[in-house]
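As structure tokens, the structure follows; a few thoughts come after it.
All of the numbers you see were taken from the coordinates with simple rules; none came from a lab. Here the structure is a predicted model, which means the values were calculated and not measured. Neighbour counts are summed over all protein chains in view; Cβ atoms, including those assigned to glycine, are modelled from backbone coordinates with ideal geometry.
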Amino acid sequence: MEEQTSSPSSSIDSSSYPVLSTSSSRSRPIFRDLSTDLKLGLSISSSPSTDTSFNSTEQVPDWPPIKPLLRSALVEKRNERHQDSLFVKVYMEGLPIGRKLDLFSLHSYDGLLKTLSRMFKATILCTDVAAQVSSSDIHFLTYEDKEGDWMMVGDVPWEMFLTTVKRLKITRADNL
Amino acid sequence: MTIKKKKEIIDDGKSPENRLSLFPDEVLERVLGFVKSHKDRSAVSLVCKDWYTAERWSRTHVFIGNCYSVSPEIVARRFPNIRSVTLKGKPRFSDFNLVPPDWGADIHSWLVIFASAFPFLEELRLKRMTVTDESLDFLARSFTGFKALSLVSCDGFSTNGLASIASYCRNLTELDIQESGVDELGGSWLSCFPENFMALEALNFANLNSEVNFDALERLVARCRSLKVLKVNKSITLEQLRRLLMRAPQLVELGTGSFSQDHSLRTDGELEVAFNNCKSLHTLSGLWEVSSMYLPALYPACANLVFLNLSYAALQSTELAKLLPNCPLLRRLWVLDTVEDKGLEAVASNCHFLEELRVFPADPFDQEIIQEGVGTGVTEFGFVAVSEGCPNLQYVLYFCRQMTNAAVATVVRNCPNFTHFRLCIMNMCEPDYLTNEPMDEAFGAVVKTCTRLRRLAVSGLLTDRAFEYIGTYAKNLETLSVAFAGSSDRGMQCVLEGCPKLRKLEIRDCPFGNSALLSGLERYETMRSLWMSACKVTIDGCCLLARKMPRLNVEVIKEDENDETHAEKVYVYRSVAGPRRDAPPFVLTL
């Protein structure tokens, strides 16, 4: 997807607002995180320095504004259409043999942490609480996402997490 | 109206003593007892000191739109006879994960005060509050006459808390936990209702995932002869639903469970018989995982339907087109955009009395691979079609991916009576896709034509022009939601200066900075709250606001340690309770 090189309409001053996608009737809409541009008050021109990658699978977790229950119902519906379960491998640091867990049988991060804590007999935390703790018998939960990056579990809404998680790893707090 | 007549009598020129002797306190209180609307009661309390006193003694229901605007002590001191409390907590944008967890709005401190001040409390209705199991247990044990608990979009509790309510509230008539985030530890809570408990009139646990003991549920439904509202969760199968309906044909509101293939249903005819018995149904929802072959079983129950909520049922246009002719009296319809424009055309041809339409996106995150030329969802054509067939539309919530200024102008020309207009063009900053112009004229048409407009949500590419229109024409506007819009501070200024009835303003990701924020000084005291996130406001600007307006609480939510000056999320609200005493570390009170 490319931006047009000139303002779409002569009556509009391109410096007064960021001009985004100007092509019409696309079948794949584009989500773009404008917050940085808006904060800096930049107008978007065709210059390469302000170009952002139009990754059409980019998702902003808090947009569009849909309430959590409907959001999770819709994502569940999607996932159910393709598969009835989502088994992912779970490894704990220091243990060579991993476990497998069906994430669709759980409905929240709370459930995930509780289940894993039971499975591995350890105290496992995720993002919010993690930062303040550094004792050696506290563990963090991390996951590998679709892009191959290792991320801390808990930052994105649960239903969104389900769509990007590939596997889980439980690491020790003092190893991060 | 009673109040007006009394005012006329009082203004007849008699001396104060004579005026007062016309109305002994008891009489005044008795009369005021008939005044229900909290706005009217506020007005009554401002007339004179006697009326203030009579009003406070006769008030039985208090509505608090922002739990931090007042403290439970103040409420208890002013109103001695409260039986019913409605409280709202977190800012609405918390629904979209914009408010960090543990932000606040915990009900517990309120309950502690209520336990001593209002031991006869009967109803508690909470929205976006944090409620723990301890609080639910405390509630169940502290108020012996407790009747109605409604927790909408709340969180912090588990099914154990529900077990406490079921076990101890002997007079419970209503238990509604819709849209709340519940930690599900199983379905045994429902079995905690005692076998001799029969008072239930409304039960809504549609948001839960876990299975409940069906036998316990069936027995409960069978013995609660006054049950009018039953909304079960998706673990309830069609055959189970059939049995419940046979027990409770008197239901007025029904939320079904799963509507998908159920092999234990002996024949389809049986299901239809069960629905046929339900002649009083006004509201129908649920229909999880709907399988279209079972839809016709519903038809006999739809004759008196006023509200049909299909937002969890991914119907196609043909299915909707077959269902709607059975619902001639429909006034409110919620659907998923899987019905597409054709489905909306069916709405237009069948639902002549429609007043409210909400169209939700089935695929908000665009995870489906969309083929070229094959559109998904609804477009401006569907919107216009509905407006042509349903002239009584007053409320619309419409999610789409493309829209034109002309279409919106046509819609409001056909339906000038909108009170609530919420258009969400899901692509951020999307212009009119035919003309490539901003969507300013669309919302200009809305505010110019719909003079009764009370609530507006804007989207698409918008310049300050849109806000000039809003400030100039939207004189009855009370709630405005803005995202990714505007070009400068002027936009927000126009709204603050031009909309006298504005009560709630929520803004995200807009280029509004300190001078916009500070253009609203006195306005904020007439509003319930202001929310601004990801805008250009700085901490200094907020401090200045806080200094100039000491009766406002100016709070900044700060999660990013790196940026010292930027105020990521700002929440400003009027309060008689002073600054929050329970603010977590990431909420800075200025």
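Once label points are set 7 Å from the Cα along Cα→Cβ at both B:Lys279 and B:Asn304, what is their separation, rounded to one decimal in nm?
0.8 nm
For the stretch A:92-109, take each phi angle, set θ = phi - 60°, evaluate the Karplus expression 6.51 cos²θ - 1.76 cosθ + 1.60, and give the result in whole Hz per residue in order, putting x for glycine and proline.
Each residue of the stretch A:92-109 in turn: 10, 3, x, 10, x, 9, x, 10, 10, 9, 8, 5, 6, 7, 10, 10, 6, 4 Hz.
Is the shape of the stretch B:370-465 rounded, prolate or oblate, going by the alpha carbon gyration tensor and its root eigenvalues a ≥ b ≥ c, with a/c under 1.5 for rounded and a/b larger than b/c for prolate?
oblate
If you take the charge dipole of chain B about its Cα centre, with +1 on Lys and Arg Cβ and -1 on Asp and Glu Cβ, which of B:Ala485, B:Leu590, B:Ile425 is farthest toward its positive end?
The one lying farthest along the dipole's positive direction is B:Leu590.
Which lysines have a Cα lying under 27 Å from the Cα of B:Lys228, excluding residues fewer than 8 positions away in the same chain?
A:Lys67, B:Lys36, B:Lys88, B:Lys127, B:Lys147, B:Lys279
Could you work out, residue by residue across B:180-187, how many beta carbons of other chains sit within 10 Å of that residue's beta carbon, and then give the average as an integer?
For peptide B:180-187, the averaged partner shielding equals 3.
Taking the dipole about the Cα centre of the stretch B:513-590, with the C-beta of Lys and Arg at +1 and of Asp and Glu at -1, give me whichever of B:Ser529, B:Ser515, B:Cys543 is farthest to the positive side.
B:Ser529
Quote the FRET efficiency, to the nearest 0.05, computed for B:Met198 versus B:Ala583 with a Förster distance R0 of 45 Å and r equal to the Cβ-Cβ distance. It would help to have the intermediate numbers written out before the result.
On the way: r = 44 Å, r/R0 = 0.98.
The value I calculate is 0.50.
Peptide A:100-110: average number of partner chain Cβ atoms within 10 Å per residue? Each step should come with its number before you reach the end.
Values: counts 0, 0, 0, 0, 0, 1, 2, 7, 5, 0, 4.
Mean partner shielding for this stretch: 2.
What ³J(HN,Hα) values, in whole Hz, does the Karplus curve 6.51 cos²θ - 1.76 cosθ + 1.60 give for the stretch B:287-293 when θ = phi - 60°, with x put for Gly and Pro?
Ordered by residue, 3J(HN,Hα) equals 6, 5, 6, 5, 10, 4, 5 Hz.
Checking the a/c ratio against 1.5 first, then a/b against b/c, what shape does the Cα gyration tensor give for the stretch B:465-532?
rounded
Report the FRET efficiency, 1/(1 + (r/R0)^6), for B:Ser264 and B:Asp102, where r is their Cβ-Cβ distance and R0 is 56 Å, rounded to 0.05.
The pair B:Ser264/B:Asp102 has a calculated efficiency of 0.80.
Average the reciprocal distances over every distinct pair of alpha-carbons in the stretch B:513-590, invert the result, and give the Kirkwood radius in Å.
12.4 Å
If you wrap the stretch B:306-457's Cα atoms in a convex hull and average its projection over all directions, what's the area in nm²?
Details: hull surface 33.8 nm².
In nm², the orientation-averaged hull projection of the stretch B:306-457 is 8.4.
In whole Hz and in residue order, list the ³J(HN,Hα) couplings for the stretch B:414-421 that follow from phi through the Karplus curve 6.51 cos²θ - 1.76 cosθ + 1.60, θ = phi - 60°; x for Gly and Pro.
6, 10, x, 9, 4, 9, 10, 10
When N counts the residues of chain B, how does its alpha-carbon radius of gyration compare numerically with 2.2 N^0.38 Å, as a ratio?
1.03
For the stretch B:312-337 and the stretch B:403-464, what is the separation of their Cα centres, given in Å?
First find each Cα centre; the distance between them is then 25 Å.
Using only atoms on other chains, find how many Cβ atoms lie within 10 Å of each Cβ of peptide B:152-158 and report the average.
Average neighbour count from other chains, rounded to a whole number: 1.
When ranked by the protection proxy of mean other Cβ atoms within 10 Å per residue, highest first, what sequence do the peptides B:491-501, B:205-215 form?
B:491-501, B:205-215
Taking loop as defined by DSSP and a crowding limit of 11 other beta carbons within 10 Å, which trypsin sites (Lys or Arg not before Pro) in the stretch B:503-573 fit?
B:Arg551
Do you know the relative contact order of the stretch B:513-590, to the nearest whole percent, from alpha carbon pairs under 8 angstrom that are 6+ apart?
For the stretch B:513-590, the relative contact order is 35 percent.
Under a crude label model (7 Å from the Cα following the beta-carbon direction), how far is B:Glu525 from B:Cys48 in nanometres?
2.7 nm
How large is the charge dipole for the stretch B:513-590, taken about the Cα centre, if only the Cβ atoms of Lys, Arg (+1) and Asp, Glu (-1) carry charge, to the nearest 20 debye?
With only Lys, Arg, Asp and Glu charged at Cβ, the dipole is about 500 debye.
In percent, what relative contact order does chain B have, based on Cα pairs under 8 Å that are 6 or more apart in sequence?
6 percent
Taking H placed 1.01 Å from N in the peptide plane, check which residues at least 5 places from B:Lys231 or on another chain put their amide H under 5 Å from its amide H.
Distant-sequence amide H within range of B:Lys231: B:Leu203, B:Asn204, B:Phe205, B:Gly255.
If you average the sequence gap of Cα pairs under 8 Å that are 6 or more apart and divide by the length of the stretch B:426-507, what percent do you get for the contact order?
30 percent
Take the alpha-carbon centre of the stretch B:466-483, take the same for the stretch B:531-590, and report the distance between them in whole Å.
24 Å
Hey, can you grab everything whose amide H is under 5 Å from the amide H of B:Gly513? Only 5+ residues off in sequence or another chain; H modelled, so Pro and N-termini drop out.
The list, which skips near neighbours in sequence, is B:Asp489, B:Lys536.
Using +1 on the beta carbon of Lys and Arg, -1 on that of Asp and Glu, and nothing else charged, what's the dipole of chain B about the Cα centre, debye to 20?
With only Lys, Arg, Asp and Glu charged at Cβ, the dipole is about 2740 debye.
Among B:Val273, B:Ser188, B:Phe138, whose Cα projects farthest towards the positive end of the dipole of chain B, with charges put on the beta-carbon of Lys, Arg (+1) and Asp, Glu (-1)?
Among B:Val273, B:Ser188, B:Phe138, the one farthest towards the positive end of the dipole of chain B is B:Phe138.
Of B:Lys90/B:Lys501; B:Lys39/B:Lys536; B:Lys342/B:Lys475, which pairs sit farther than 28 Å apart, going by alpha carbon to alpha carbon?
Checking Cα-Cα distances, B:Lys39/B:Lys536; B:Lys342/B:Lys475 exceed 28 Å.
Between B:Lys501 and B:Val31, what FRET efficiency comes out of the Förster formula 1/(1 + (r/R0)^6) with R0 = 35 Å and r the beta carbon distance, rounded to 0.05?
With a Förster radius of 35 Å, E is 0.75.
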